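Below is one structure, written out as structure tokens; the observations come after it.
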Amino acid sequence: MAYANIVLPVPLDAQFSYIVPDALADKVQVGMRVVVPFGKTKTYVGIVSLYPAPEPANSVDEKGKKITFKEILSIFEPAPILVPEQLKLWQWMSNYYMTPIGDVYKAAFPSGLKTEDKYKPRTELYITLSDIYKNNEALNLLLNAFGRAKKQQEVLMTYLQLAGVDTINSLNSDSLLREVTREELLNEAHCSLSIIHALVERKVLRTYEKEVGRLQTGIATHYEKIKPLNEAQTDAYNHLLLQMMQHPVTLLHGVTSSGKTEIYIHLIQKAIEEHKQVLYLVPEIALTVQMTSRLQAVFGDKLGIYHSKYSDAERVEIWKKQLSNHPYDVILGARSAVFLPFQQLGLVIVDEEHEQSFKQQDPAPRYHARSAAIILANMYKAKVLLGTATPSIETYFNAKNGKFGFVELSRRYKDIQLPQVEIVDIKDLRRRKMMKGPFSPRLLSAVREALEHGQQAILFQNRRGFAPMVECKQCGWVPKCPNCDVSLTLHKNMNILSCHYCGYTYKVPTACPCCEGTDIRGRGYGTEKIEDEISSLLPEAKIARMDLDTTRTHNAYDRIINEFSEGKTNLLIGTQMITKGLDFDKVSVVGILDADSMLNYPDFRAYEQAFMMMCQVSGRAGRKGKQGLVILQTKNQELPIIQQVVHNDYQNFYRNVLEERKDFHYPPFYRLIYVYLKHREENVVESAGYELGSRLREVLGNRVLGPDKPAVARIKTLNIRKIVLKLENGIDMTRAKQVLRQVQAAMSKDKRYGALVVYYDVDPL
């Protein structure tokens, strides 16, 4: 009897053994989709992870009942949908991030590859001439026989013209006619559908369906459009090649607007010439918009785009194309692109490698695309290039210690100076009553001047909505989410209060429910309020806003970025989306409205993230032409980090942070694992947290901190506790994770904790 191990899309930390029926024994392959029964009534599409698999050792379950193994019902399709390297990546991700492999399955596949409803390829209806009329005599007789059906005759003549009959000397059954779609004929002949139906009924024409792809094809490759590298870029490129020969992973630390993308293009061309594939990862979908046009101009239809804003059907087609004999040479995508199948992966580029967006938070698996990309590349013996102007502390540490290769690019393209950064002390301005709203006089005048001279400006506020909260001025009432431990955010355009954690919405009240007062005002500033206020102060400005609220639709990113690039809008307001590698020619002024909100956050990475965001958004200014200007508004201008941003002093920033990290046992000297416990009852989660913490301390000692309430201690009606594990470098991580699993398994047997949710965040951000 033959067995196979199957991965199912269920959140269980196991693979399942199934009997392979004799009829399927020679057809089943690893990586193939099969339909299997699960439980009493359910069936799932599973992935064969091992075949033939050894006979299961356990023949009885925990209760001593004999296990009856079920059979595979059918093969979903005859060919594997995964390559072996993908399965290895799934397994690594499951083990490393302590997440069920079923959750990896659900994250990896587009929906069309997970369900029993087979993916339906896109088809189009074509029209052709019936075989009996595929000779000159019969066709001439037909054209003369229409009589009063002049419209039918005209439509037929239009079809013959489109099909190219007039170019064929002698029409016969073997003649190759151009394929004509029904839609094309309708448009060209300006006729109704009924006339075409009449011709089909008379058996003059016949229709047939043909599969057509959803993907763009036929875009030519233009290597001649690759710009030559300048002296600094050439040096960096040559150094990269040397470093990549010696190291599997290399960091390119290039200042903003130094031309890193051009170096990437040259490396991609080299990989393609060596018949290798390239994976190009970017942190935000917004970045794919600009990058697509740049890469497509050079590589044409060798380039594939993959991210969540594409339809499910399009993503399935890209997946299938990657398994075909003619896959894309280059895949550009956000973090999910790491799951795509590759046949000859040779190079992985992780652009803006410092970005938090590469880390998946919810749902599981809570993986980091940068780490996953490095593991994937290692499986193919491919090289990894990490590029950024502000490297993450861990990456820079690895580069400085020789674990990664390291190349610096310190000159901006065409030697344009880094932007001038001016600090504005808004605390002093407000004390002197020289500033009321979110804009200092200096920022307003700089933006106004830029717009008057035909330039563009960017305003950065890392908070969406109109106001972070609303408050009754009479009694101090603040509306809070009933499901989460947070105040509701005001969205004025929709006149609602919304929770950014669970999506709960509440209509803005006209009167306070506590005191019936009517003076209910927003507190703080979100991007929506910034847009509202700046439009009244600068009515001549053509404003665009880019945040989660304005980019929900399929082509929203494209529209906002293209309009700003073309100058249709000249003032862009946005959250951290606008900080990430976007390249605009005419931006001369950048305003950072509230630097302190990024600094005063209860997280050991707060300064690192704030420094990176401020440096990155500053880098959007003065990229082409003259030096740009950055206005940085803060209440604490003496803070060292503010001065480091002003002088773009990454080295001092790195040294300061590194000392703190070492003293307080944080990465890169220690590895972190966050253990989260969730339950509807606060007393249950409190008790479970203390019990889990004490059990872990018995083995791991003072490496265990907590349990403690996180900053938001209730989300979606579930109360939360957090335990932090700080594990020094060199500790046996496999053993530490075993301890975690054993303790959790022991606690799960306690009936009190039956509904307790426990999950892990390994290497959290």
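The values are calculated or read from the model by the stated rules, or taken from the named source; none is laboratory data. A quick note: this is a predicted structure, and the numbers were derived from the prediction, not measured. Here the Cβ is made from the backbone with ideal geometry for all residues, glycine too, and neighbour counts use every protein chain on show.
Numbers at a glance
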| item | result |
| --- | --- |
| Of all residues in the stretch 169-183 being surrounded by 15 or more Cβ atoms within 10 Å (Cβ to Cβ) and over 16 Å from residue 200 (Cα atoms), the one that is modelled with the lowest pLDDT | 175 |
| One residue from 579, 569 being surrounded by fewer than 20 Cβ atoms within 10 Å (Cβ to Cβ), among the hydroxyl-bearing types (Ser, Thr, Tyr) and either in contact with a strand residue (DSSP E or B) (Cβ under 6 Å, 6 or more places away or on another chain) or closer than 26 Å to residue 640 by Cα (or both) | 569 |
| Test: residue 558 is closer than 29 Å to residue 305 by Cβ, assigned by TED's automatic domain parsing to the domain that holds residue 451 and touching a His at 6+ places or on another chain (Cβ under 9 Å) | no |
| Residue in the stretch 233-242 that is buried (at least 18 other Cβ atoms within 10 Å of the Cβ), aromatic (Phe, Trp, Tyr) and under 23 Å from residue 369 (Cβ atoms) present | no |
| Scan of the stretch 73-86 for residues that are of a type in the set (A, V, I, L, M) and surrounded by fewer than 21 Cβ atoms within 10 Å (Cβ to Cβ), ordered by number | 73, 75, 79, 81, 83 |
| Considering residues of the stretch 736-763 that are in a helix (DSSP H, G or I) and under 32 Å from the mean Cα position of the chain (by Cα) only, the residue surrounded by the most Cβ atoms within 10 Å (Cβ to Cβ) | 740 |
| Selection status of residue 103, acidic (Asp, Glu) and closer than 30 Å to residue 760 by Cβ | yes |
| Top-ranked residue of the stretch 497-528 - restricted to ones that are at positive phi and of a type in the set (Gly, Ala, Ser), ranked as modelled with the lowest pLDDT | 524 |
| Leading residue by the ranking (surrounded by the most Cβ atoms within 10 Å (Cβ to Cβ)) among those in the stretch 6-29 that are under 24 Å from residue 364 (Cβ atoms) and either outside the structural domain of residue 88 (by TED's automatic domain parsing) or of a type in the set (A, V, I, L, M, F, W, C) (or both) | 7 |
| Some residue of the stretch 675-689 being under 30 Å from the mean Cα position of the chain (by Cα), closer than 30 Å to residue 401 by Cβ and outside the structural domain of residue 605 (by TED's automatic domain parsing) | yes |
| Helices (runs of 4 or more DSSP H) enclosed by the stretch 256-356 - at least 1 residues per element that are within 17 Å of the chain's Cα centre (by Cα) and of a type outside the set (A, V, I, L, M) | 285-299, 312-323 |
| Residue list for the stretch 694-732, filter: within 19 Å of residue 757 (Cα to Cα), part of a loop (DSSP other than H, G, I, E, B) and in contact (Cβ under 8 Å) with a residue 60 or more places away in the chain | 711, 712, 713, 716, 717 |
| Residue in the stretch 602-625 that is in contact with a strand residue (DSSP E or B) (Cβ under 8 Å, 6 or more places away or on another chain), part of a helix (DSSP H, G or I) and charged (D, E, K, R) present | no |
| Residue satisfying all of: in the stretch 482-514; in contact with a Phe, Trp or Tyr (Cβ under 8 Å, 6 or more places away or on another chain) and either farther than 14 Å from residue 467 by Cα or among the small types (Gly, Ala, Ser) (or both); surrounded by the fewest Cβ atoms within 10 Å (Cβ to Cβ) among these | 513 |
| Residue list for the stretch 272-287, restricted to those being surrounded by fewer than 24 Cβ atoms within 10 Å (Cβ to Cβ) and of a type in the set (Val, Ile, Thr) | 272, 285 |
| Condition broken by residue 467, with the remaining ones in (1) loosely packed, with under 14 Cβ neighbours inside 10 Å; (2) among the small types (Gly, Ala, Ser); (3) touching a residue at least 12 places away in the same chain (Cβ under 8 Å) satisfied | (1) |
| Residues of the stretch 422-448 that turn out to be surrounded by fewer than 16 Cβ atoms within 10 Å (Cβ to Cβ) and either without any contact (Cβ under 8 Å) to a residue 24 or more places away in the chain or of a type in the set (Val, Ile, Thr) (or both), as a count | 9 |
| Check on residue 393, of a type in the set (A, V, I, L, M, F, W, C) and modelled with pLDDT under 95 | no |
| Any hit, the stretch 232-242, residues being of a type in the set (Phe, Trp, Tyr), farther than 30 Å from residue 559 by Cβ and in contact with a helix residue (DSSP H, G or I) (Cβ under 9 Å, 6 or more places away or on another chain) | yes |
| Residue 675 being farther than 30 Å from residue 415 by Cβ, at pLDDT 90 or above and aliphatic (A, V, I, L, M) | yes |
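Every residue, every condition in (1) touching a Cys at 6+ places or on another chain (Cβ under 8 Å); (2) part of a helix (DSSP H, G or I); (3) farther than 15 Å from residue 287 by Cα, yes or no:
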residue: 506; (1), (2), (3): no, no, yes
residue: 515; (1), (2), (3): yes, no, yes
residue: 528; (1), (2), (3): no, yes, yes
residue: 545; (1), (2), (3): no, no, yes
residue: 551; (1), (2), (3): no, no, no
residue: 558; (1), (2), (3): no, yes, no
residue: 573; (1), (2), (3): no, no, yes
residue: 591; (1), (2), (3): no, no, yes
